[in-house]
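Each remark here refers to the structure printed beneath this line.
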Amino acid sequence: MKTPEIDAAVRALAPQHTSTISNAAWAELADAVVSADAAAVRTARAPRRPRMLIALAASLLIVGLVGAALVSRPGQNQPQALSFTERGDKIIVRVVDFEADAARYTADFQRMGLDIKVNVVPVSPPFVGQLSSFSGRTEQDTSQFRLLAPGEACNGTLTAADPGCQDGLEVPKNYNGKSTIEFGRTAKPGEQYYHTSLSATDKGELLEGLNLDGLKVGDAVPLVKTRAVQQIGYLVETAPSSFDDRQSVPADWYVHGTQTLRQGEVSLFVGPRPS
């Protein structure tokens, strides 16, 4: 995308004079081509360096306007799964391809000279592309990491509303630790979530926005079925922090909470009395 500043920079660097070629010069060049005088043809070609300088100046201007540089390393002959942006002595890492496999994520880190291995784990929709956890040999290996919220430390005018400005990880450029981090990926049908929200009614979850707590089961179930729910289960507390999984309960029991552990599946925490 061009800006007035870039256009001005290019115009300032571009030659301001014009040249014409005489008929005699055209004739001389034609004779050189016919006689296969390759050396004469090569000499007649316009030098390419000024054009490269113009492109370089425009690139430097763009970097100055953004205030950060998108890092590119040799050998990256396939699309990256992660993006790396330098900010001072830090590197900002964000997920580009949420569906990439662990090997691609790890390869991107290795190309940056970072000894960081990546695992991908199934998570519920709000956590896809997010860092789920990390571990290292010592506390020093992971204490150098800093999690970034959506919209934090993004390039240019990007905000939390932009796909390229979601959760990220800040790593020192001179990081010399050895760590393993886990990114969330979309779960396959029937696959249990490694990480999910506290409630199935939280933002981004299957029952987002529904207020079910305190309702009787007979009133709550029809509301649940208005969503893309394929299976409803019930969790009955039998002891503190201990629950019995049931397929059905009385309709006059009360809903105490909700949970989703797989695509299209919802569990209702229920009991004979209001919570």
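Here are the numbers for this structure:
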item	result
Qualifying residue in region 233-251 (condition: aromatic (Phe, Trp, Tyr) and farther than 23 Å from residue 127 by Cα)	yes
Residue list for region 154-204, restricted to those being over 20 Å from residue 101 (Cβ atoms), in contact with a Gly (Cβ under 7 Å, 6 or more places away or on another chain) and in a loop (DSSP other than H, G, I, E, B)	158, 159, 160, 177, 178, 199, 201
Members of region 209-251 found to be surrounded by 14 or more Cβ atoms within 10 Å (Cβ to Cβ), part of a loop (DSSP other than H, G, I, E, B) and over 35 Å from the mean Cα position of the chain (by Cα), listed by number	215, 249
Positions within region 105-149 being assigned to a loop (DSSP other than H, G, I, E, B), touching a residue at least 60 places away in the same chain (Cβ under 8 Å) and closer than 23 Å to residue 163 by Cβ, in sequence order	124
Residue check, residue 201 surrounded by 19 or more Cβ atoms within 10 Å (Cβ to Cβ), at pLDDT 95 or above, within 19 Å of residue 129 (Cα to Cα) and among the hydroxyl-bearing types (Ser, Thr, Tyr)	no
Complete set of residues in region 250-269 that are out of contact with any helix residue (DSSP H, G or I) (no Cβ under 6 Å at 6 or more places or on another chain) and more than 20 Å from residue 187 (Cβ to Cβ)	250, 252, 254, 256, 257, 268, 269
Test: residue in region 258-268 that is surrounded by 13 or more Cβ atoms within 10 Å (Cβ to Cβ), assigned to a strand (DSSP E or B) and over 38 Å from the mean Cα position of the chain (by Cα)	no
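The values are calculated or read from the model by the stated rules, or taken from the named source; none is laboratory data. Here the structure is a predicted model, which is why all the values come from computation and not from measurement. Because the Cβ atoms are built from the backbone with ideal geometry, glycine has one as well, and the counts that use them run over all protein chains shown.
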